[in-house]
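So the structure is just underneath, and the comments pick up after that.
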Amino acid sequence: MCGRYTQTAAFDELALRFGITVEDTGLEDLPPRYNVAPSQSVPIVVAHNGGRQLVMAKWGFHPVWMKTSTPAPLNARAETVATSRMFQVAVRRHRCLVPADGFYEWKRVPGQRRKQPYYLRLKCGGLFAFAGLYTLADAQAGAPATCTIVTTTPNDLVASIHNRMPVILDPDEEDRWTDARVTDPAAVLSCLRPLPAGRMEGYPVPTLVSSPGNEGPRLVQPVS
């Protein structure tokens with residue numbers, strides 16, 4: 001699964017990287033975040049009137065028909081996303097980009113009770129997009145927009161740490177994933193594959209990241 005990630009870019013950088021054409025007041029002062037955690041509000045990129053818009057969504061997918069007592073899924077499995085009752089409407093009509101510049105996974109260490117967190121990112125650094133799905137906000141019901149991150153089988157790098165990884169979209173496929181005119185899941189499912197290991201790097205980081213209350217660049221500093 002993907003349960004923590006970083007998104008440290010400012011609004012202007014996000015707008016340039018993802019082609020934001022519809023600006024929404026109030027999002028210009030996004031703070032850098034080194035420990036994005038479930039149930040928090042996160043920026044996502046959605047199609048809007050032929051362009052792209054950055055909106056905030058609560059991390060944890062919650063369609064209007066789902067009971068409030070049911071846990072909101074943080075992740076959607078690529079292998080079943082098109083047939084799952086939870087996600088089959090969203091994969092047709094509500095696909096999004098979830099901007100990030102890295103994510104964390106935890107590895108079991110023989111002889112230790114506590115798992116070791118690893119930070120994974122692009123070798124070249126910089127922003128990328130997780131494949132995401134979202135629900136629309138319902139102002140009448142007071143419900144915010146919500147989102148989930150699609151996961152897939154791991155590449156060789158991530159497989160040494162965890163048995164799943166988030167789908168990092170190839171930049172050439174971000175347009176297809178967010179194209180509102182594409183409503184046939186078969187036309188986008190090929191985007192949901194592991195990014196090649198050769199384009200990524202990972203290293204162990206402090207266990208401080210295991211607590212969602214901790215923040216700051218110290219969380220991504222390598223440890224021996």
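Going through the stretch 9-42 one residue at a time, which ones are hydroxyl-bearing (Ser, Thr, Tyr), assigned to a loop (DSSP other than H, G, I, E, B) and under 20 Å from residue 74 (Cα atoms)? Show your work before the answer.
Initial filter on the stretch 9-42 (hydroxyl-bearing (Ser, Thr, Tyr)): 21, 25, 34, 39, 41.
From what is left, the residues that are assigned to a loop (DSSP other than H, G, I, E, B) are 21, 25, 39.
Listed by number, the list holds a single entry, 39.
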Residue within the stretch 121-135 that is aliphatic (A, V, I, L, M) and open to solvent by 40 Å² or more (accessible area, probe 1.4 Å) present: no
Of all residues making up the stretch 130-149, the number that are in contact with a Cys (Cβ under 9 Å, 6 or more places away or on another chain) and closer than 17 Å to residue 2 by Cα: 7
Subset of the stretch 21-58 [within 26 Å of residue 151 (Cα to Cα), small (Gly, Ala, Ser) and open to solvent by 30 Å² or more (accessible area, probe 1.4 Å)]: 39, 41, 47
Verdict on residue 62 being touching a residue at least 12 places away in the same chain (Cβ under 8 Å) and more than 21 Å from residue 176 (Cα to Cα): yes
Pairs with Cβ under 8 Å, 6+ apart, first in the stretch 76-99 and closer than 19 Å to residue 170 by Cβ, second among the charged types (D, E, K, R) and surrounded by 15 or more Cβ atoms within 10 Å (Cβ to Cβ): 78/193; 97/174; 99/17
Residue that is farthest from residue 201 (Cα to Cα) [pool: residues in the stretch 100-114 that are in contact (Cβ under 8 Å) with a residue 24 or more places away in the chain and not aromatic (Phe, Trp, Tyr)]: 114
Out of 18, 61, 103, sole residue that is in contact with a Pro (Cβ under 8 Å, 6 or more places away or on another chain), buried (at least 19 other Cβ atoms within 10 Å of the Cβ) and farther than 16 Å from residue 148 by Cα: 18
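I'm checking my understanding of the structure. Among residues of the stretch 190-209 that are assigned to a helix (DSSP H, G or I) and either of a type outside the set (Gly, Ala, Ser) or in contact with a strand residue (DSSP E or B) (Cβ under 6 Å, 6 or more places away or on another chain) (or both), which one is most open to solvent (accessible area, probe 1.4 Å)?
Top of the filtered list is 199.
The values are calculated or read from the model by the stated rules, or taken from the named source; none is laboratory data. Small disclaimer: the values here were computed from a predicted structure and weren't measured. Cβ atoms come from the backbone with ideal geometry, glycine included; neighbour counts cover every protein chain shown. Side chains included, ligands, DNA and RNA excluded: accessible areas come from the protein's heavy atoms. Shrake-Rupley method; radii C 1.70, N 1.55, O 1.52, S 1.80 Å.
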